[in-house]
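Trainee: For reference, the structure I am asking about is given below.
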Amino acid sequence: MSAWILMSLYFLVASVAGGSAQDRKFPTPGESEREAIVAAANQAIRTHLKGDPKLRRGDEIPEESWGEAILRLKPLRVRNDRVNVAIVLRDEDGVEEGLYVSIPISSYAPMVGDRFAVLEKLSGPDDRTFGTLYRYKLKKIRPDPGHHRQVP
């Protein structure tokens with residue numbers, strides 16, 4: 001078989017078996033895991049905002065503030081996004097993807113088309129959390145990891 005046929009079969013099997021290879025890399029968390037991630041994000045943003053502003057590295061939340069539920073995700077970084085929390089799981093070719101926790105005290109409500117190309121709500125109606133968990137994807141103006149402005 002040619003390499004093209006093998007590659008086509010791989011993608012066909014991947015799509016039938018539950019989505020693309022990329023989708024399987026970020027599995028959908030169950031209810032207790034979602035609740036733990038939202039609780040850890042609340043603690044992380046609270047610690048970040050109460051810390052000394054002179055010691056902050058921009059909007060990046062230091063690893064020691066993440067909490068166990070976020071650490072288990074093995075994120076590239078976690079950042080304060082307008083008093084919400086972006087848990088960055090992939091950052092390639094100017095596209096950032098991961099989990100996003102919308103915190104009720106934030107005045108910013110995330111929406112597709114505003115900054116996000118994808119914003120899929122993961123929180124369920126029975127989740128007992130102070131915040132909403134989403135899967136997100138956004139395109140950045142520049143692909144460098146220190147720059148977080150998005151394409152409109």
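Just so it is clear, none of the values below were taken in a lab; they were calculated from the coordinates. Keep in mind it's a predicted model, so treat the numbers as computed, not measured. As a convention, Cβ positions derive from the backbone with ideal geometry for all residues, glycine included, and neighbour counts pool all protein chains shown.
Trainee: Just one of 97, 120 is in contact with a strand residue (DSSP E or B) (Cβ under 9 Å, 6 or more places away or on another chain), more than 13 Å from residue 38 (Cβ to Cβ) and touching a residue at least 24 places away in the same chain (Cβ under 8 Å); which is it?
Mentor: Going through 97, 120 in turn, just one is in contact with a strand residue (DSSP E or B) (Cβ under 9 Å, 6 or more places away or on another chain), more than 13 Å from residue 38 (Cβ to Cβ) and touching a residue at least 24 places away in the same chain (Cβ under 8 Å): 97.
Trainee: Looking at the range 100-116, which of its residues are surrounded by 15 or more Cβ atoms within 10 Å (Cβ to Cβ) and free of Cβ contacts under 8 Å to residues at least 40 places away in the same chain?
Mentor: Correct list: 100, 102, 106, 110, 115, 116.
Trainee: Still on this structure: Which residues, taken from the range 88-113, are assigned to a strand (DSSP E or B) and either touching a helix residue (DSSP H, G or I) at 6+ places or on another chain (Cβ under 6 Å) or polar (S, T, N, Q) (or both)?
Mentor: The answer is 101, 102.
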